[in-house]
Each structure stands twice: as structure tokens, then as C-alpha cells.
Amino acid sequence: MSTILEHIKTLDNNTLTRLYHQPATCLAILRLLQPLAKHIIMRLLFVGAVEMPVVLNWIFDTKQASLAEALLSLRNFNIAWDENGSLIINQVFQTNLKNALVGGGNTSSFGLPTDSKDKKDITLEYLDTYAKESWETVLHFLVGTPSEKRPTAVVTLMEGSGLMAKPAHSHRPEDLRITNKGFQFLLQDVNEQVWGFLLQYLEMSEQLGMDPVDVLNFFFQLGSLEFGQDYSVDVLTDTQKQMLEDLKHFGLVYQRRKKSSRFYPTRLATSLTSGVAASGDTGDAGYIIVETNFKVYAYTTSPLQIAVLSLFLTLKARFANMVIGILTRDSVREAYNNGISSDQIKQFLTNHAHPEMKKELPPTVVDQIKLWESERKRAVAAPAVLYQDFPRSLEYLEAVGFARELGYVLWSSDQKRMFAVTPEGHVRMKEYMIRKKQQQQQQQQAV
Amino acid sequence: MDIPLLVVVVDLFPSPANSVAAKGKLDSGTVERILNQLLVFINAHLALRFDGRVAVVAAIAGRGSHLLLDSADLSNASTDIKNTGGMYKQFKVVDDVLVQKLQQLLDFDRDSEENYNKQSCLAGALSLSLSFINRVKRQHTDPASTIQARILTLSVSPDSPSEYIPIMNCIFAAKKDNVIIDVCRLLGNDSVFLSQTASSTDGIFVKVSDVDNLITVLLHSFLPEPSIRKTLCLPGGTLTNYSASCFCHKQPCSIAYVCSVCLSIFCSRRDSCSTCGSSLTQQ
């Protein structure tokens, strides 16, 4: 969610102001901002401008830092700024947010429901199934399940986003293979996945010469639509009609025929900006049981879910309605090698936990997964210089004490009388050793 | 994650004997102006967060309290969604439902003059709000988030002495449940009970005399949710009159007799406590 904000931040002021011509976008952006910034907008909304000293008085003296932060982010989004000693709200943003709140202005920003009734009855269940199937087709394609449906939009996006890559010297789309990034992607929840794709789409649309304002507005409009309602295609811009065509393949919207004048948003789309995970509705309820002996029972028949599980499980047996696997050191380490993190595994198991498990993983398993991860980070490579063969224990202790005091010691072993220092430390150690040697010689001469 | 739940208690119908309505100030035009600004405020609350939730409870003298609206349950709303006039659909539906329901209550009430002589039922409305909050909290099963509830009371009716004890009980219940009760006092007359309510539940007490400025006050002082009130400098801190009311005549009193067993307050000396029945005669 934060990534879309970051993307919007990079747009220039003119583009931002054009973006704010849609009430739906203003509302969505307002909701994404930090709480203090929201309240500042609300206070400015019906006033327009407030003198800076007054604004400073809104906040307790001890919290002025958070005010500065909020003002900076409003400035970055070109929503409000300090001008001639007053805080001024962007008029376009002000007008359109007001429209969203009290009505008036552009009537199609939140989608225009169609006038006539659809001849065919499109039920909510149908839309859910449609969204789920389309989205799973995309994921299946990612894990490499053979299938006939391969819309170009999906293929280009997969490759462009780096989730899949062709091996060198190959140009056939059939040769696309999943990358490390793709593995990580599979373990994210659906909402994150959808946003990941949309951001990628946004980047590619700019290369294709589509207007980013149109694209973003459509994203936010989708997020504000009502699930189960049909909306008119006619009020969309040409760019948005093209997007409708592309997003169909991901199951975000449903359109019965290409020429149909109405479209239905699915739950994948309407939950876009709400931050509520779409997975709970579109995906299955939890199906994974993890036992303290590292056995994992997954009540699923979906090849996709099994493929995802096999990313970090050693599958042992498969039955009509379930698969059994074991979390082993090797299987989990392989997942780590693919760039998956222990948190992702934990998150995935928790998100899809069977209701019987009450959403809590066995602590032993969680700890072990963590340990297996930290195990890989046990050895750290650093350039070093080794000191050894000290004739006497005293000399070793003095030398290592000196190095330790200056914080140069990377490693030391009292038994072996060896220690390693950083290269910077080596220069100082050399000086120290020469000094020591001179002292010894002087002592011997004195004797 | 806290899910903000706001319960607005609307108490717009005072008894005319000793209040402003008798002088004709609170005519239907004023009510409409107040209502319009309240609708904008409710929309603003819903606009801040996707999961924001609003309920409205109306307290009507002589007619009891009614739960008019719960933004999470709008399934039976009969709004024409084609004509939202550029508004976000959820806002439009909430507005329509609220206006419709209030209209029904008002129409019913308008003809019968004797209703105006009944006493306010603010305590009832507060109890209803607290029960509603409690129900929402119990029904909320997602362990990842909690319900952060507060009550905003828009009130004009004067204190009615018989409500002292029920209101006090509401205060204790609210404190126990961590519910903040904010009070917006319209038309500028004072209320001892409500200022006590606000200050003992960490809420804000604001008097608004100019009804047309209501929206500014609402957005400035009452929109911030409890979590951000530590940052924002909000009005309040005015001296609260903590004087208690006696249990026998329900009149405020500064010096009184207190039952040594149950702490009931009486303005005159008695032989036995009317609340717990203990004998108070000197041995």
C-alpha cells in the first residue's frame, strides 16, 4: 500500500493537480495519508487557508516534529503548502474532496452505474469464482503449470516485473521461468500481489505512452466501486477502456463480451484501496495444519497451492483431499536460497492456518524456521589480518588486549593464541609490535 | 490496528417550559441546518478511514431513544444509487438513511404537543450507545484489530434532575469500557451533568452558540480520534462543576449528608437511607 503512495510522490506538481480532478482519487489519497496530515486537510477543507502561527498552535509544543513531518508530506503530495505565512490547500484537491463529501461536480468519478438491467443475472458468487479462477490462472502461469490461456498482457507483465525471466539466448515466451522474485511473490497475500502487478502495469503504461493520470485515476476509481454493481463503460476514457481490457485477464473486472457496455468490478478490485485483504473472501478458508513435529497437513487439492507449499516443504504423501509434507532443514534452506525469508514462510502459514489451529503456529516450528535462517548468516566474511605464534601467553594477552581496546578484533582464540584484526587495525598493530620489540631489546640490554 | 467507531447521540428536542425551543429558536430550519452539518461531519469521519464506522442514536423527549443508523448495516437502505450527485456512494446512503429515519420520528412527534413536556432521555440514549458499543466489541472477532469506540453527544435539552443517577452510571460504564464521551452543547446553554460526563471520561466539552459555525467546531474538535488527541491541542480544560445532586430531590447541592454505607447523597437529614435501607439514626 505504501508503495503506491511512494510512486505518487514522485510525480510532478502539475500531474498531481491533474490527478486531483477526480473526487475518487482525492478520497483514496486522503485515506492513505498519515493521521495528522488527514486532520490538517480536514481543518483546511472548509477554510482554504490558515495562518502558520495558528497551525503551529494546533499541535502541542512537544509534538512539533510530527507536525513538520505531516506538513512535508502534504507539500510532497502538492495538497497543501506554506505561502506568504499561511498554510494553503490545493484548490483542486479542496473542491474535489468536498464534492466527494457533500456532492456536486463530476458525477462519474465513483463509476457510473448502468441504467438498464443486465439481461443475464450476474451473481456475487459468479464474480468471486471468476476472479479466483482468473487470478489463479495468472499464478499457475507463474509456477509453470501448463495451460492454454496465456494472454499477452499477462506474459508481458510477468516478464517486465521480473517475476519470470527467459534464459539467455531464448526468445520464445514458452521458455519463461520463475525467478527468485517470483517465488517471494507467491507467498504474499493477494492484495499485495494485485498491487505489485498494478504498480508494474503503471510503469509499463508510461512506456506505452498511456497517461499515468488516467491509469491512476482508474485504479482509485476501481477501489471505490461497489462489488456486485455493474458500471457503464461509456464514461471511461480510451486509455481506461484499454486498461479494462488488460485488467480483465487478472480477474479484477468482469466483462461478458469485449463490446459489452457494462463491466463488473470483482472483490480483487473493490478491496484495492481498502487495505482489507481480499484473500479472506476470494481464497479458501485456512487449510494448513502445522504440528510440533514439523509435519504439515494441507487440506487442498489445488495444484497451485501445492506448488506454493512445495517451495518450502518436502512433500511426503498426497491423498484425495490433502497433502502431507515435512518442514526439513533442506527444504527450508532451499526456500531461503530462492530468496524467501523466514518471515514470509511464517506469514504464509499463519494466513492460511486451518481454523482448528486457532491461527497460532507451534512456537518450536517458528523458532526452528528462524534458527535455520540465522544459521545461514553464521559466517560473515571480512578482510582480516591474522596474528599467531606468540611465544608466551603474556605477550598474546597484551597484544590482544591492545587491539580489543581499540575495537579492531574480529576474532580471537585464547587457547590457540591467535587473533584476527581488521586491515585498519593492522597498521596500528604493526606500530605496537615494533614498539614492544624495542622495549624488549632495551630490557635485554639493561640485563 | 484500531477500528474507529463513532456513536453520535443526537438530542435536539428539549422540553419547552424552560428552554430555547419555547422562544422559537429551535425551529425546523435550525434543526435542518444542524442536521446538514452533522451529515458532513459523519461523512468526514467515514472519509478518514476505510474501516471507519458510525452509528447515530436519537434521543427524543417522550419518545425514547432510537438507533437510527449503523454504517456497517446498510443492507436495507433504499437509496437511488444512480443519482449520487458526485458523492461517494457510502456517504450518500448514510445521509439518506439518517434523514429518512429522523424525518419519520419527527413527523410522528410534531402533532402531539404534550410530548414536548416530557423530560429528556439522554441517559437512555447514552445507555443505548454503550450497549451498542459493547455489542460491536463482542461481535468483533478479528484478533488483529480492536474497536476504538467513542461517543459524541450533540445536545440542547437542559439537565433534568431525575437523570442524574442514570447519567452517572453511564459515566462509570463508559470509563470501564474505555469509551470517551465528547459533548457538543448547542445554542450555548450550560449543562452540569454533561460537562461532568465529558471531563470524567476524558472527553471534550464545547459550547456552540452559533449554529452555522457548527461544522468548523465539529471538524476541529470532535473529528480527531482518541489516538491522535495526544498530539493535537484540543479545546477543553474549562472548570467543570463537580457538584453532586441529592438523591431525594435530585437537586444540585454543595453541602449534603452522605449515607455511610452506600454513599448516597441527601440534602436533608434522614433516619434511613432510601437507597440501601440502612438505619442512619444515632445510637
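Loop sites only, by DSSP: take the GluC sites (Glu not before Pro) in chain A that have at most 11 other C-beta atoms within 10 Å and name the longest stretch containing none of them. Result for the longest clean stretch: A:149-359. On the principal axes of its alpha-carbon atoms, the stretch B:180-283 has extents of 60, 29, 19 Å, going from largest to smallest. Note on the stretch A:124-279: Cα-Cα pairs beyond 22 Å make up 40% of the total pair count. Using only alpha-carbon positions in the protein assembly as shown, the gyration tensor eigenvalues give semi-axes of 57, 41, 28 Å once each is multiplied by 5 and square-rooted (largest first). From the P(r) of the stretch A:2-102, can you give the percent of Cα pairs sitting at distances over 24 Å? Percent of Cα pairs beyond 24 Å in the stretch A:2-102: 17.
The angle between the Cα long axis of helix A:23-32 and the longest principal axis of the Cα atoms of chain A comes to about 30 degrees, rounded to the nearest 10. Among the listed pairs A:Lys258/B:Lys92; A:Lys9/A:Lys248; A:Lys9/A:Lys98, a Cα-Cα separation exceeding 25 Å is found for A:Lys258/B:Lys92; A:Lys9/A:Lys248. Distance between the C-alpha centres of the stretch A:336-411 and the stretch B:136-177: 51 Å, rounded to the whole angstrom. Spread over its residues, the convex hull of the C-alpha atoms of the stretch A:316-358 is 93 Å³ per residue. In the elastic network of chain A, a GNM with C-alpha springs shorter than 10 Å, the most mobile of A:Gly407, A:Gly111, A:Gly182 is A:Gly407.
Take the stretch A:385-446, compute every pairwise Cα distance, and split them into 10 Å bins from 0; I just need the percent in each bin. Once binned at 10 Å, the Cα pair distances of the stretch A:385-446 give 22, 55, 20, 3. Considering only A:Thr422, A:Thr270, A:Thr62, the mean-square fluctuation computed in a Gaussian network model of chain A, springs between alpha carbons under 10 angstrom, is largest for A:Thr422. Please build a GNM for chain A, connecting alpha carbons under 10 Å apart, and tell me which residue among A:Leu236, A:Leu208, A:Leu225 fluctuates the most. Answer for the Gaussian network model of chain A: A:Leu208. Peptide A:91-101 has a mean shielding of 2, counted as Cβ atoms of other protein chains within 10 Å of each residue's Cβ.
Projected label points at A:Arg329 and A:Ala379, each 7 Å from Cα along the beta carbon direction, are separated by 1.5 nanometres. Expressed as an acute angle from 0 to 90° and rounded to the nearest 10, what is the orientation of the C-alpha long axis of helix A:363-376 relative to the principal long axis of chain A? Helix A:363-376 sits at roughly 60 degrees to that axis.
Net charge around B:Thr201, counting only other residues with Cβ within less than 12 Å of its Cβ (Lys, Arg = +1; Asp, Glu = -1)?
Result for the neighbourhood of B:Thr201: 0.
For the stretch A:355-409, the C-alpha radius of gyration sits at 2.14 times the compact-globule guess of 2.2 N^0.38 Å, with N the residue count. Counting only residues at least eight positions apart within a chain, or on another chain, the aspartates and glutamates with an alpha carbon under 13 Å from that of B:Lys175 are B:Asp202.
In Å², nearest 100, what accessible area do chains A and B bury in total when the solvent probe is 1.4 Å? Summed over both sides, the interface buries about 3000 Å². When DSSP beta bridges are restricted to pairs lying wholly in the protein assembly as shown, around 60% turn out antiparallel.
Between A:Asn84 and A:His354, the FRET efficiency estimated from the beta carbon spacing at R0 = 56 angstrom works out to 0.35. Rolling a 1.4 Å probe over the heavy atoms of the protein chains gives the protein assembly as shown an accessible area of 49 Å² per residue.
Rolling a 1.4 Å probe across all protein chains gives A:Lys437 an accessible area of roughly 130 Å². Determine the distance separating the Cα centre of the stretch A:295-332 from the Cα centre of the stretch B:28-58; give it in Å without decimals. Cα centres, the stretch A:295-332 to the stretch B:28-58: 51 Å. Once divided by 2.2 N^0.38 Å, the Cα radius of gyration of the stretch B:243-283 becomes 1.07. Using the Cβ of A:Leu32 as centre and a radius below 12 Å, the other residues enclosed give a net charge of +3, where K and R count +1 and D and E count -1. With no solvent and one equal point scatterer placed on each C-alpha of the stretch A:284-376, evaluate the Debye formula and give log10 I(q)/I(0) for q = 0.15, 0.16, 0.25 Å⁻¹, two decimals. Values, matching the q order: -0.51, -0.58, -1.46.
Averaging 1/r over every pair of different alpha carbons in the stretch B:151-209 and inverting the result gives a Kirkwood radius of 11.3 Å. Taking Cβ atoms as reference points and 12 Å as the exclusive limit, the residues near A:Asp389 contribute a net charge of +2, counting Lys and Arg as +1 and Asp and Glu as -1.
The values are calculated or read from the model by the stated rules, or taken from the named source; none is laboratory data. Keep in mind the model is a prediction, meaning the values are calculated, not measured. Here Cβ is always computed from backbone atoms with ideal geometry, including for glycine, and neighbour counts include all displayed protein chains. Surface areas here come from the heavy atoms of the whole protein model, side chains and all, with no ligands, DNA or RNA. Shrake-Rupley method; radii C 1.70, N 1.55, O 1.52, S 1.80 Å.
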